[in-house]
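The values are calculated or read from the model by the stated rules, or taken from the named source; none is laboratory data. The shown structure was predicted, so the numbers you read here are calculated from the model rather than taken from an experiment. Cβ sites come from the backbone with ideal geometry, for glycine too, and all protein chains shown count toward neighbours. What goes into the accessible areas is simple: the full protein's heavy atoms, side chains included, and nothing from ligands, DNA or RNA. Shrake-Rupley method; radii C 1.70, N 1.55, O 1.52, S 1.80 Å.
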Amino acid sequence: MDINGDPYATYRCRNCQNPVAFRSELLSKKYLAKTGQAFLFSHARNIVYGPKQERNLITGLYTIADIFCSKCGEELGWKYLHASETREKFKEGKFIIEKAKILKEY
Ligand SMILES: [Zn+2]
């Protein structure tokens, strides 16, 4: 196993163990959200979306939707719907999930 761990590891809602993402979908751990460190994922599942909104983040203006656990309703992070900066376009359609809200299970 490499330092990044098992690609089949599952990230689950810390509150209710609902599986929300897989290790193979993890793109980066170098993000910050409300509670501190956050991960960027290419996909997420078993989530529900809050209303679309504009948010000014450190790297520019984005249209995002907050994401919540579909089982317990815990706020997990957000999905990037649109980035105003060209260099941030790669984030569109991807998910930020706060590290404090999830647990990794092997
Ligand atoms: Zn949950």
(request) Would you check if Arg55 is within 15 Å of the ligand (Cβ to nearest atom) and not acidic (Asp, Glu)? (result) no
(request) Check Thr59, Thr63, Thr10, Thr86 and return the single one that is at negative phi and either modelled with pLDDT under 95 or among the charged types (D, E, K, R) (or both). (result) Thr59
(message) Step by step: first the residues of segment 20-72, then only those that are of a type in the set (S, T, N, Q), part of a loop (DSSP other than H, G, I, E, B) and in contact with a helix residue (DSSP H, G or I) (Cβ under 9 Å, 6 or more places away or on another chain), then the one that is farthest from Lys101 (Cα to Cα). Which residue is that?
(response) Thr59
(message) I want to confirm something. Restricting to segment 70-102 and keeping residues that are within 13 Å of Val20 (Cβ to Cβ) and open to solvent by 70 Å² or more (accessible area, probe 1.4 Å), which single residue is farthest from the ligand (Cβ to nearest atom)?
(response) Lys99
(request) Within segment 37-46, identify whether any single residue is open to solvent by less than 50 Å² (accessible area, probe 1.4 Å), without any contact (Cβ under 8 Å) to a residue 24 or more places away in the chain and away from the ligand (no atom under 16 Å from the Cβ), and answer yes or no. (result) no
(request) Being closer than 18 Å to Pro7 by Cα and part of a strand (DSSP E or B) is the filter here, so list the residues in segment 91-106 that pass it. (result) Phe95, Ile97, Ile102, Leu103, Lys104, Glu105
(request) Read through the list (1) part of a strand (DSSP E or B); (2) touching a Gly at 6+ places or on another chain (Cβ under 6 Å), then give the number of the only condition that Glu88 fails. (result) (1)
